[in-house]
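Asker: Submitted below is the structure of interest, expressed as structure tokens.
The values are calculated or read from the model by the stated rules, or taken from the named source; none is laboratory data. All values reported here derive from a predicted model rather than from experimental measurement. Heads up, the Cβs are rebuilt from the backbone with ideal geometry, glycines too, and the neighbour counts pull from every protein chain shown.
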Amino acid sequence: MSARATFTRMEDSTQADWALIMPEAMKMARALPDRVMAHLKLLDGDFGGFPIDRLHHCLQSATLAHRDGRDEQYVVCALLHDIGDTLGTYNHPDIAAAILKPFVSEANMWMVQHHGIFQGYNFFHHIGLDRNMRDQFKGHPHAEQTAGFVEKYDNPAFDPLAETLPLSFFEPMVRRVMAAPKQSVYKAALKDA
């Protein structure tokens, strides 16, 4: 068993405690892409009534974005945009955005976080909701990018016959994008650990 900190209240922690904690935190951080890939695989076989399962929807979205020449960060956002489906039945975009937030631009994070409302234009009217709910974001700096993501990569990604790249194709991209946080309160501490 490795050494552990002994405090019972965070405020009583010491620099020596954190010298023990930070290397363990870095091991956990380095394994994040492994956990993300494993969680994505939970979507395999989960059709939820859709024409294709949730994993293949994510793969189709990422394939479309990749083939359209989008950069890796955007493609990874397309791949992970629905990863929150298993944990956030009512707020899956928030879950995906929270996972991606340290690693992607504000525009891409906003796109992932709001894609559900923008996708709603295509089906909300069938379930008794206002399909124009996205109009509340008119003029927002990232609204156009989000509408484009839905139109080009999320909306058309339900085709059982579409040629889709495998998860293994995208795994190196996930690992590169998640190699180091671009924005996090811990960024400086993680750099030195």
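Asker: What number of residues within region 45-101 are farther than 21 Å from ALA162 by Cα and either free of Cβ contacts under 8 Å to residues at least 60 places away in the same chain or surrounded by 23 or more Cβ atoms within 10 Å (Cβ to Cβ) (or both)?
Answerer: Number of matching residues: 17.
Asker: Only one of these conditions is not met by ALA179: (1) part of a loop (DSSP other than H, G, I, E, B); (2) within 20 Å of LEU40 (Cα to Cα); (3) modelled with pLDDT of 95 or more. Which number is it?
Answerer: (3)
Asker: Another question about this same structure. Where residues in region 83-92 are in a helix (DSSP H, G or I) and farther than 20 Å from ARG70 by Cα, which of them is nearest to the chain's Cα centre (by Cα)?
Answerer: GLY84
Asker: Let me ask something additional. Out of contact with any helix residue (DSSP H, G or I) (no Cβ under 9 Å at 6 or more places or on another chain) and part of a helix (DSSP H, G or I): does that describe GLU144?
Answerer: So GLU144 fits the description; yes.
Asker: Mind telling me which of the residues ALA3, ALA16, ALA62 ends up being in a helix (DSSP H, G or I), small (Gly, Ala, Ser) and more than 23 Å from SER105 (Cα to Cα)?
Answerer: ALA16
Let's see how each residue does on (1) under 22 Å from LEU59 (Cβ atoms); (2) touching a Ser or Thr at 6+ places or on another chain (Cβ under 9 Å); (3) among the β-branched types (Val, Ile, Thr); (4) at pLDDT 95 or above:
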| residue | (1), (2), (3), (4) |
| --- | --- |
| ILE95 | yes, yes, yes, yes |
| MET111 | yes, yes, no, yes |
| HIS115 | yes, yes, no, yes |
| ILE127 | no, no, yes, yes |
| MET133 | no, no, no, yes |
| PRO141 | no, no, no, yes |
| TYR153 | yes, yes, no, yes |
| ALA157 | yes, yes, no, yes |
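Asker: Step by step: first the residues of region 127-143, then only those that are within 21 Å of the chain's Cα centre (by Cα), surrounded by 14 or more Cβ atoms within 10 Å (Cβ to Cβ) and of a type outside the set (A, V, I, L, M, F, W, C), then the one that is farthest from MET109 (Cα to Cα). Which residue is that?
Answerer: Among those residues, the one meeting the criterion is ARG134.
Here's the yes/no breakdown for (1) among the hydrophobic types (A, V, I, L, M, F, W, C); (2) touching a residue at least 24 places away in the same chain (Cβ under 8 Å):
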| residue | (1), (2) |
| --- | --- |
| TRP110 | yes, yes |
| HIS114 | no, yes |
| ASN122 | no, yes |
| HIS125 | no, no |
| GLY128 | no, no |
| MET133 | yes, no |
| ALA147 | yes, yes |
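Asker: Please find, among ILE95, ILE99, the residue that is under 15 Å from GLN73 (Cβ atoms), in a helix (DSSP H, G or I) and of a type in the set (Val, Ile, Thr).
Answerer: That would be ILE99, the only listed residue that is under 15 Å from GLN73 (Cβ atoms), in a helix (DSSP H, G or I) and of a type in the set (Val, Ile, Thr).
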